[in-house]
Structures are given as C-alpha cells and as structure tokens.
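The values are calculated or read from the model by the stated rules, or taken from the named source; none is laboratory data. Remember, predicted model here, so these are calculated numbers, not experimental data. Cβ placement follows ideal geometry from the backbone for every residue including glycine, while neighbour counts extend to all protein chains displayed.
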Amino acid sequence: MAGPSVSGAAFTVMLLCMLVTARYAVNATVTCGQVVQLLTPCIPFGVFGGDVPLDCCAGIKGMHDIQKTEEDRRTACSCIQQGAAMIPGLDYDRVNTLGDRCSSPCPVYPSTNCSEKASC
C-alpha cells in the first residue's frame with residue numbers, strides 16, 4: 001500500500017485531471033468542480049473500505065440538493081463516472097453501498113448510461 005504522501009498526491013492528480021478534462025453540460029447548473037468538492041471525502045472509503053466518513057454522507061446529500069433538473073443529474077452522473085475512472089483501486093460495489101449508508105439512491109457504474117439518467 002502506498003504511503004500517505006503518495007496517496008495524497010494521487011488524489012490531487014485525480015482531482016486536477018477531473019477539473020481539466022471534465023465536460024460541462026450547457027444547460028446544467030451542476031459542474032464537475034462541485035461534484036469533485038462534494039464527493040472527494042468518499043474516495044478513501046471507495047478504495048480502502050472501513051467506516052464511511054461523515055463528510056462523505058454530507059457530500060452525497062449536497063449532491064442531491066444541487067441537482068435541480070434532469071440535465072443536472074446527467075451532468076453529475078457523467079462527472080462521477082469520469083472521476084471514478086481515474087481512481088486506482090476504486091471498488092464500485094463498495095461505493096454503491098453508500099446508497100444504504102447515506103440515503104443515496106443513484107448507483108453509478110462504468111456501464112451506467114448517463115444520458116438516460118434523468119431521475120434517481
């Protein structure tokens with residue numbers, strides 16, 4: 001397992017990549033920057049397991065609060081997929097248990113079709 005400084009650097013690189021490469025939807029008010037900010041506390045749980053940080057559940061609640069339109073939900077879904085793809089060792093099944101743990105009814109897998117994800 002990588003040391004704390006290596007893990008921290010990997011997360012920082014992942015966040016920067018998401019911000020630089022993320023596509024923003026024209027009509028959406030949700031941005032990938034917001035998604036990154038809200039869901040970053042969930043990364044350690046998604047990779048290493050253990051207890052779900054309180055900040056993670058708060059971020060998931062925040063995600064639900066900012067998604068006002070179908071386009072917002074599609075944009076958030078795409079941002080989550082793009083970001084998750086850049087996290088080495090991310091366990092999608094573990095991440096998607098957050099629905100039960102944090103009241104998040106919208107699982108996102110690499111195979112999820114975000115263009116059809118209009119409601120959760």
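Criterion first (farther than 14 Å from CYS79 by Cα, surrounded by fewer than 16 Cβ atoms within 10 Å (Cβ to Cβ) and modelled with pLDDT of 90 or more) does GLY50 satisfy it?
In short, yes.
For region 48-64, name all the residues that are within 13 Å of THR97 (Cα to Cα), more than 12 Å from the chain's Cα centre (by Cα) and not acidic (Asp, Glu).
Matches in region 48-64: GLY49, GLY50, VAL52.
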